[in-house]
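**Student:** Got a structure here, written out as structure tokens. Questions coming.
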Amino acid sequence: MALKILTVDDSKTIRMVVKKAFKPYDCELIEAENGVEGLAAATRENPDLIILDITMPVMTGIEMLERLKGEGSLKDIPVIMLTAESGKDNVTHIVKMGVKDYIVKPFKGEQLIERVSGVVKLAPKKDGASDEAPVNYFSMNGDIMQLAMPARPDTATITVVSGQVKTEVKNTVDSGKSKFLFDLSKVLEVNMALVKLIISVLNNCQQSNVKLRIAARPKLSNELKAFQETAELPVHPTVEEAVAAF
């Protein structure tokens, strides 16, 4: 079932940024231009998440948040605030009101998705709306659990894979296996989201005493060395060499 996400902002531009950010995901986006409209939409739609601007006419985001927290049926809906002010007092005030997170304007869609992913679980659309069609990137290769990433893993793909890593590592152990191959041989470039995924795989394998081997082309391997988190990580140039290293 699609997530219902309510975005409340008087800026049409910001609402468009939010809408575009969620386009690859299985979400129903509901829009409102001020706190009064937002409160009515929240009551009517009972969304899974509210993305709420602070400065708006008619009713501000702070006023709407206070009303939300005072309504028994609405008080538990997670809220991410949008603010143009990053000062300590402003942030402290927001946090004390019980928001799940906040993001300072201006922001990019990728930043919003990263924050949202920490609050609710996002899933890519099943109609292929994302650049990479959602598939199962995990498979058993003999006695090895293999995670093979596509050439250009987008945010949606990485989010989904990240949510599966712990389960797949556990499945590996439960099936009596202890080998995990992270195949990055098709990946063309490194970004911070991919680095975070690599660290997640590494940590889960270490915690479960599962042997991890990583395969990536020399260019990608060199790019990984530029990140502190992956600078010392052993990387094999081919899948065959990674398998042979177990």
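**Student:** In terms of the Cα gyration tensor, with a ≥ b ≥ c the square roots of its eigenvalues, is region 1-45 rounded because a/c is under 1.5, prolate because a/b exceeds b/c, or oblate?
**Tutor:** Since a/c reaches 1.5 but b/c is at least a/b, the shape of region 1-45 is classed as oblate.
**Student:** A follow-up question, please. For the pair Leu188/Ser175, report the inter-label distance in nm, with labels modelled 7 Å from Cα in the Cβ direction.
**Tutor:** Calculated label separation equals 3.1 nm.
**Student:** Now, a different point. Computed from these coordinates, which is volume of the Cα convex hull per residue in Å³: (i) 281; (ii) 134; (iii) 149?
**Tutor:** (iii)
**Student:** Between Glu63 and Arg115, what FRET efficiency comes out of the Förster formula 1/(1 + (r/R0)^6) with R0 = 25 Å and r the beta carbon distance, rounded to 0.05?
**Tutor:** Once the sixth-power term is evaluated, E becomes 0.65.
**Student:** Rounded, prolate or oblate for region 3-117? Axes are the square roots of the Cα gyration tensor eigenvalues, ordered a ≥ b ≥ c, and the cut-off for rounded is a/c under 1.5.
**Tutor:** Rounded, because the longest to shortest axis ratio a/c is under 1.5.
**Student:** Here is a further query. Is region 138-244 best put as rounded, prolate or oblate by its Cα gyration tensor, with a ≥ b ≥ c the root eigenvalues, rounded for a/c under 1.5, and otherwise prolate when a/b is larger than b/c, oblate when not?
**Tutor:** Prolate shape, in that a/c is at least 1.5 and a/b is the bigger ratio.
**Student:** A further question follows. Region 1-68 to region 154-224: how many Å between their Cα centroids?
**Tutor:** After rounding, the separation between the Cα centres reads 34 Å.
**Student:** Using R₀ = 30 Å, calculate the FRET efficiency as 1/(1 + (r/R₀)^6) where r is the Cβ-Cβ separation of Ala40 and Lys166; round to 0.05.
**Tutor:** 0.15
**Student:** Between Thr13 and Ala151, what FRET efficiency follows from the Cβ-Cβ distance if R0 is 45 Å, with the result rounded to 0.05?
**Tutor:** 0.90
None of the figures in this text is laboratory data; all of them are computed from the coordinates on show. A quick note: this is a predicted structure, and the numbers were derived from the prediction, not measured. Note: ideal-geometry Cβ built from the backbone for every residue, glycine included; neighbour counts use all protein chains shown.
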